[in-house]
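The values are calculated or read from the model by the stated rules, or taken from the named source; none is laboratory data. Just so it is clear, the model here is predicted, and its values are computed rather than measured. Positions of Cβ are generated from backbone atoms using ideal geometry, with glycine treated the same way; all protein chains shown enter the neighbour counts.
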Amino acid sequence: MRTALVLLLLLAAASAVGSLLPQIPNSPERVAAYRIAHPVVGDWFARAGFFDVFGSWWFALTLALLFVSLVACLIPRSRAMLRSIRQRPIQAREIDAFPLYREVVVPGDAVAAAGTARRVLRRHGYRVAVSDDGRAVAAEKGALREAGSLVFHWAFVVLLVAVVIGKGTGYVGHATIVEGQTWTDAAFNYDGDLRTGRFSSGAHTGIGIKLIDYSDDFRRSGVPMDFTSKVELIAPDGTPVREDDVTINHPVSFDGVRIFQFGFGWAPVVTIRDGGRILYDGPIVMGQNAPKGVNALTVPWIGFVKLTSLRPQVAIQLELYPDSVAYFGGLLSGGSPQPMTEANAPFMRYTVWQGRITDPSLTSLDTRFMHVTSSGGIGRGWTVDLSSGCVVSGGGASGLPEQVAGTACEPGHRSATSMSFPQLRQYTRLQISHDTTVPFVLGAAILILLGLIAAMYSSRRKVWVRAEARDGGTVLQVGGFALQRKDRFDEAFPKLVADMTDASTRTPIRPRQEVGAR
């Protein structure tokens, strides 16, 4: 067991290193930045495997040695436990040599007095054995302590094995789903941060998640209270199974997958036309880059549309204000922007870039080889001309402050490339976790707790009783000791002797006489 404790301390130290240093499976960019900032130490850490602690050979070796050490220690203890359970308590020769000892005189013969003592000990939870002549009783209790200790350690082994198997064969990733759209559990549908176990086969469940509606609740100060994603769960064959609500701290389980609420955002629906040809039509998932210490709800949302089929290529940068009344109203009144917690006269600023698109990502834009051709604003229900920035239609009933209202196009204006903003949707960001060993981890954790309670709040105790006939009565010699929590047994032993005496004198023949005590 000492070896197991040393190995456990080594694993704890390794886990601390893995928590303090960036890890390649989780954030390779941070590892690269660390090695650039600390070239000497970074190279040494890389050679030692500190940037991939949980996948290093020495961590796996330490974990394997811990398993071997625990099992090698638990097997002999388990066998000894089974032998002790099957074995009857052993009679003692010199009862008066034990730390706790009493002699009391009770009426009746010795065999009857020993039988009464046996019944009392059984009522107190002792395992008892009577000698062949019926005059001596051996009793013991507290096997639950050793059993609890064994349950604790075996459950700990099961927990470690389940965690290794679950994390090694499972996967965790994030899915972004716009209202009305369906997401399928497949590797290429995740948001680029899918983490799979080292022993994962790469197979996914193929289930579908359709976002029916997303709702949230905020205090007036902008502090969030609740986030709820109402989803429809779809079987791998395309059959709808049920509807459910995914909320904070209340994940949904379906077909071996656990679905957690992770984030949310806005997704304006945009249609871009070039004459009569539709270049883009659909929602745009917007993101944020709020400065540190600034309420994210007071910062506009950013998104991009990249039209790579045009020559020259065109990218449109969008800046969304879901509640333009709260945002611009606070600025125009001389104050600060108010939190934008709902859709109220949504407004977008746009910037049109032209040139060569080198980054296909929809979350950023590399403008090194591009230049701005136009910019402007668009409200919900508007259609604007991207080349001139004027409002083709819909600008009159936007509800926007006058300072950000658009300028209508001249009568008869013909737009070459136009953009429409018909509606504003929301999206949810869910964490998808697949780990088949979660029930085993939960069961092992419960057993660890139960075993720990049993081991901490029980103690092994042994008691011996011998009855000897004397002067028309019987002298009961009672001795015992406790292996743990001895102070409690010191208090319980006199009561145990008194219970034996009372049980033997319920039909008194002569007054009880205490012969000796120690």
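Tabulated results
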| read-out | value |
| --- | --- |
| Qualifying residues in region 253-305 (those that are of a type in the set (Gly, Ala, Ser) and closer than 21 Å to THR184 by Cα) - the one nearest to the chain's Cα centre (by Cα) | SER253 |
| Close pairs (7 angstrom Cβ cut-off, 6 or more residues apart or separate chains): over 17 Å from THR184 (Cα atoms) in region 223-252, in a loop (DSSP other than H, G, I, E, B) anywhere | MET225/ARG219; ASP226/ILE248; PHE227/ILE248 |
| Some residue of region 303-319 being on the phi > 0 side of the Ramachandran plot and either of a type in the set (Asp, Glu) or not assigned by TED's automatic domain parsing to the domain that holds MET225 (or both) | no |
| Helices (runs of 4 or more DSSP H) wholly inside region 1-105 that include at least 1 residues being among the polar types (S, T, N, Q) and under 30 Å from PHE199 (Cα atoms) | 2-20, 57-86 |
| From the options ALA136, ALA129, residue that is in the same structural domain as PHE481 (by TED's automatic domain parsing), of a type in the set (A, V, I, L, M), crowded, with 21+ Cβ neighbours inside 10 Å and modelled with pLDDT of 90 or more | ALA136 |
| Whichever residue in region 424-452 is under 30 Å from ARG380 (Cα atoms) and among the hydrophobic types (A, V, I, L, M, F, W, C) and, among such residues, is nearest to the chain's Cα centre (by Cα) | LEU430 |
| Single residue of region 173-213 satisfying the filter (under 19 Å from THR436 (Cα atoms) and of a type in the set (D, E, K, R)) that is surrounded by the fewest Cβ atoms within 10 Å (Cβ to Cβ) | ARG198 |
| From GLN338, GLN317, residue being part of a strand (DSSP E or B) and polar (S, T, N, Q) | GLN317 |
| Which listed residue, of GLY148, GLY170, is within 30 Å of ALA60 (Cβ to Cβ), buried (at least 17 other Cβ atoms within 10 Å of the Cβ) and of a type outside the set (S, T, N, Q) | GLY170 |
| Filtered residues of region 1-46 (kept if loosely packed, with under 15 Cβ neighbours inside 10 Å and of a type in the set (D, E, K, R)) | ARG2, GLU29, ARG30, ASP43 |
| Those residues of region 75-89 which are of a type in the set (A, V, I, L, M, F, W, C) and modelled with pLDDT under 90, in sequence order | ALA80, MET81, LEU82, ILE85 |
| Test set (1) at pLDDT 85 or above; (2) in a loop (DSSP other than H, G, I, E, B) - SER418 fails condition number | (2) |
| Count of region 269-285 residues which are part of a loop (DSSP other than H, G, I, E, B) and within 22 Å of THR373 (Cα to Cα) | 3 |
| Residue check, GLN87 of a type in the set (S, T, N, Q), within 27 Å of ASP502 (Cβ to Cβ) and either surrounded by fewer than 20 Cβ atoms within 10 Å (Cβ to Cβ) or more than 40 Å from the chain's Cα centre (by Cα) (or both) | no |
| Scope region 298-324; condition among the hydrophobic types (A, V, I, L, M, F, W, C) and within 17 Å of PRO268 (Cβ to Cβ); matching residues | VAL299, TRP301, ILE302, PHE304, VAL305, LEU307, ALA315, ILE316, LEU318, LEU320 |
| Members of region 251-279 found to be of a type outside the set (A, V, I, L, M, F, W, C) and under 20 Å from THR176 (Cβ atoms), listed by number | PRO251, ARG258, GLN261, GLY263, GLY265, PRO268 |
| Within region 173-200, considering residues that are more than 24 Å from PHE59 (Cβ to Cβ) and either charged (D, E, K, R) or not assigned by TED's automatic domain parsing to the domain that holds ARG258 (or both), the one modelled with the lowest pLDDT | ASP191 |
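Okay, residues lined up against (1) β-branched (Val, Ile, Thr); (2) assigned to a strand (DSSP E or B); (3) out of contact with any helix residue (DSSP H, G or I) (no Cβ under 7 Å at 6 or more places or on another chain):
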| residue | (1), (2), (3) |
| --- | --- |
| ARG198 | no, no, no |
| THR205 | yes, no, yes |
| ILE209 | yes, yes, yes |
| ASP213 | no, yes, yes |
| PHE227 | no, yes, yes |
| GLU232 | no, yes, yes |
| PRO236 | no, no, yes |
| VAL246 | yes, yes, yes |
| SER253 | no, yes, yes |
